[in-house]
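Just below is one structure, and these are the notes that go with it.
The values are calculated or read from the model by the stated rules, or taken from the named source; none is laboratory data. Quantities reported herein were computed from a predicted structural model and do not represent experimental measurements. Cβ coordinates were reconstructed from backbone atoms using ideal geometry, including for glycine residues, and neighbour counts include every protein chain displayed.
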Amino acid sequence: MRGLIAMLTLVGCNFVAGDTYPVNGVVRDVGERSVRLEHGPVPGALEEGDTTFVVDPNLARQLRPGDLVQANLMTAEDGTLRIIGAKVTGHEEPLALAPDAVIALAEGEQLPALTLPGVDGPVQLGAGQGVPTVLTFLFTSCPMPEACPLLASKLKELQGQLGQARIVSVTLDPARDSLEVLKAYGAERGANPAQWTFARVELDALKTLLLRAGASRVESQGDILHSLHILLLDADGRLLWRGSDNSWDVAEVAARINAPSGG
């Protein structure tokens, strides 16, 4: 079975609730209840990699991208590994970026114009898109209830609260999610095509879009491991707000995207 890591829900690993593991790494992204850590190997738990962990909101507020940390992980009852404590030991010096490097959008920055094949025709994103947009990423065969299925459930609720805005969900699995598969998935999930549409791009273009979104996607032994980012773009394709997990409130997101100024 293909799996996914979102908030570090681990598929195919047998952990015992209460097990603890030490880990060293660099903080790459911080959400309200999550921290993405580029870490070394964790014997008995993880290989070297880039993983998003569940954390207490109070701890998340103490961490910043670039922090070097020594952390403790604990296995929860639901099979996730959670950071239960972290000590900042330093801060990484920023790397010099190549002139053409793709980096994540900052708030107020405009996504370059691009056109995605969609289930109901081409989907315009970024500069010139013309409509406020809730941009999300998922895949139709995601096996984890708290990941893509939960996201889809919240988007179904959100679509009923949108004014002139729309939702665009881009598949993270273009190899298996054809436009026909996505259209059927949308119907199954109760998507109103006038408000919520689905799109796909080939993997190279998807990777670039994910970098712009500040999101992550990794394939490992047939699994798709990814973050749960949501972006709000105004009618000109400028980033209003970015969330990094499924903890966002439907009413608050609706208010943000429906605001006259777009934010």
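A compact table of results
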quantity: Those strands (runs of 3 or more DSSP E) lying entirely in the range 213-263 with at least 1 residues hydroxyl-bearing (S, T, Y); calculated: 217-220
quantity: Pair list, Cβ under 7 Å, 6 or more apart: the range 216-244 residue among the β-branched types (V, I, T), other residue in a loop (DSSP other than H, G, I, E, B); calculated: I224/R2; I224/L4; I224/F139; I224/L172; I224/D173; I230/W248
quantity: Unmet requirement for W196, which otherwise passes all of (1) on the phi > 0 side of the Ramachandran plot; (2) at pLDDT 95 or above; (3) within 19 Å of the chain's Cα centre (by Cα); calculated: (1)
quantity: Qualifying positions in the range 138-149 - surrounded by fewer than 24 Cβ atoms within 10 Å (Cβ to Cβ) and of a type outside the set (G, A, S); calculated: T140, C142, P143, M144, P145, E146, P149
quantity: Among (1) of a type outside the set (S, T, N, Q); (2) farther than 27 Å from V35 by Cβ; (3) under 16 Å from the mean Cα position of the chain (by Cα), the one test that D249 misses; calculated: (2)
quantity: Index of the failed condition, Q164 passing every other in (1) under 19 Å from R217 (Cα atoms); (2) assigned to a loop (DSSP other than H, G, I, E, B); calculated: (1)
quantity: Single match in V170, V131 (criterion: touching a residue at least 40 places away in the same chain (Cβ under 8 Å) and either hydroxyl-bearing (S, T, Y) or assigned to a strand (DSSP E or B) (or both)); calculated: V170
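Let's see how each residue does on (1) in the same structural domain as D120 (by TED's automatic domain parsing); (2) within 20 Å of L114 (Cβ to Cβ); (3) of a type in the set (D, E, K, R); (4) buried (at least 17 other Cβ atoms within 10 Å of the Cβ):
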| residue | (1), (2), (3), (4) |
| --- | --- |
| A191 | yes, no, no, yes |
| T197 | yes, yes, no, yes |
| E202 | yes, yes, yes, no |
| E219 | yes, no, yes, no |
| L225 | yes, no, no, yes |
| H229 | yes, yes, no, yes |
| A235 | yes, yes, no, no |
| L239 | yes, yes, no, yes |
| A251 | yes, no, no, no |
